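Worksheet: the structure to be examined is printed underneath.
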Amino acid sequence: MLKKILLARATAMLGDRLVKLLAAAVLTIFVARVLGASELGIYSIVMAWSAFLVPLTSMGLNNNVIRRMVQQQNGQQAMTLLYSAVTLRLALGLMGGSLMLLGFYLLYPDMFSGNTAIAIPVLFLLQSFFGLLLFEFYLNYQGTFRSTAYLKTTITLCSFGAKLALLYSGFGIASLLLITGIEFMLVGIAQYLLYRYKQQPFTPGDARWPPYHPRWFDAAQISPLLKRASWLWLSGIVAVVYLKIDIVMLGAMAGTEQAGIYAAASRLSELWYVFPATLATRYYPDMLKAYQQGLTPYYLKLRRFALLFFSAAFSIALLMTVAAPWLISLLFGDDFSAAIDVLRIHIWAGCFIFVRYLISQHLVITEQEQLSLLSHGIGALLNIGLNFWLIPSMGIVGAAWATLVSYAFASFFFLFIFASTRAQLWQLITVRKTGHH
């Protein structure tokens, strides 16, 4: 049953994720072609800040809330818990968005001119609607996966179509940011409406819950959750910092045009990450089952997956390194020729990221999640330090090297620091098939 649910979820999620990634990549190409590198830089910087808001406002609550709801004695308590968590997330979304605006204004005051001065605040504040995504997690728990994913995919495609139409009609970056904000709002509202329509009674014979209202907020219910979620929250923030800080620092240190050229290359490189993310979710039940059978079958399976993931990433990196000049010129034009060197360095980070998805699963299975936070934390600090050091002398190529080194360390080489992971890595390398397996 669990395998079936995970498979349905993985398939629905892969579809949604692929559409999002492809839409973002195509949009990057069109913005670069129609508006140029500097405007693409502004768009990428704003979207990187928007990504920082996601873990800030989700508070690591998503799966934790659902897990806690299932343990409640009655439907009333479960409902109070869900509605309290939603209220908290909406409030944090507004607070986080306002703080983010302040930080953004202090770092890039020149971006607050003309229409972007309206579009950026609207985008950050509309993102607070992500608080309603808790209803999606609850629907997933009740077995509704496909309709939530299809709904999100439909909204993504409509938003993508609207953005292309606006670009062709001669509108600028501000209109794209506004549409993105509206998309965030629609996704949140749509998940809530779907919850109202599809929600089943919490226990058989229970009445359906009344509509959401902030008056259901109960601080006593929510505080134990926050204690538990705090390190997940930290981990989420740190992971986003370590993935997005390069664009933000380039924008502040080298200007929006350089950030735009870098964004073009990194978008092509990161497009591939959807595959390990989805495959790792897909293989998780298999790894769990092997772990329950014993360490030998588990390490054999983990090694097979690791070699598969690594060789896939290696082949992609090799191919993209050779094709980089042709690809950049075809997709972005000759103004973006500086992106070729960035792509040739950045794409090799994939070798570590692909394997990292498996290592993350391994850390969860062996209950060493705190190492996940630690490794991301070290990666984030390393990335920030290297960017400060390399961007002034090497520009965007320096940022690409900073990314490659920090990803390599946070994804793989951190395993050599801790005694437990060193021992596990040695077992992984030396494990042999025995007669029974």
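Mind checking which helices in the chain clear 30 Å along their axis (Cα) and have mean Kyte-Doolittle hydropathy of -0.5 or more, DSSP H runs only?
Working: long enough: 2-35 (47 Å, 1.38); 37-58 (32 Å, 1.24); 75-107 (47 Å, 1.24); 146-168 (33 Å, 0.63); 173-198 (37 Å, 1.22); 219-254 (48 Å, 1.25); 295-332 (49 Å, 1.43); 369-394 (37 Å, 0.90).
Answer set is 2-35, 37-58, 75-107, 146-168, 173-198, 219-254, 295-332, 369-394.
Lysine pairs in the chain 8 or more apart or on different chains: how many have alpha carbons under 15 angstrom apart? Don't jump to the answer; show the numbers that get you there.
Working: LYS3/LYS289; LYS4/LYS289; LYS20/LYS152; LYS20/LYS163; LYS289/LYS301; LYS301/LYS433.
The result is 6.
Does region 284-401 come out rounded, prolate or oblate, given a ≥ b ≥ c as the square roots of the eigenvalues of its C-alpha gyration tensor, rounded meaning a/c under 1.5 and, failing that, prolate meaning a/b above b/c?
Verdict is oblate for region 284-401.
Under unit Cβ charges (Lys, Arg +1; Asp, Glu -1), what dipole magnitude, rounded to 20 debye, does the chain have relative to its Cα centre?
1700
Along the charge dipole of the chain, pointing to its positive end and built from +1/-1 on Cβ of Lys, Arg, Asp and Glu, which listed residue (LEU415, MET79, VAL240) has its Cα farthest out?
Towards the positive end, the residue furthest out is MET79.
Would you mind ranking ARG356, ARG344, ARG282 by Cβ crowding within 10 Å, fewest neighbours first?
Listed from fewest to most nearby Cβ atoms, that is ARG282, ARG344, ARG356.
Hey, how many Å between the Cα centroid of region 337-380 and the Cα centroid of region 248-321?
7
Please report LYS198, LYS244, LYS227 as a ranked list, fewest other C-beta atoms within 10 angstrom at the top and most at the bottom.
LYS227, LYS198, LYS244
Contact order normalised by length for the chain, with contacts defined as Cα pairs under 8 Å and 6 or more residues apart; what percent is it? All intermediate terms of the calculation are to be shown ahead of the outcome.
Values: 565 pairs, mean separation 95.4, N = 437.
Answer for the chain is 22 percent.
Please state the charge dipole magnitude for region 225-377, taken about the Cα centre, from unit charges on C-beta atoms (+1 on K and R, -1 on D and E), reported in debye and rounded to the nearest 20.
So the dipole magnitude of region 225-377 works out to roughly 740 debye.
Under a GNM of the chain (C-alpha, springs under 10 Å), which listed residue has the highest mean-square fluctuation: THR153, THR203, THR180?
THR203
Read-outs: derived from the displayed coordinates by stated rules, not from any lab. Quantities reported herein were computed from a predicted structural model and do not represent experimental measurements. Using ideal geometry, Cβ is built from the backbone for each residue, glycine included, and neighbour counts are taken over all protein chains shown.
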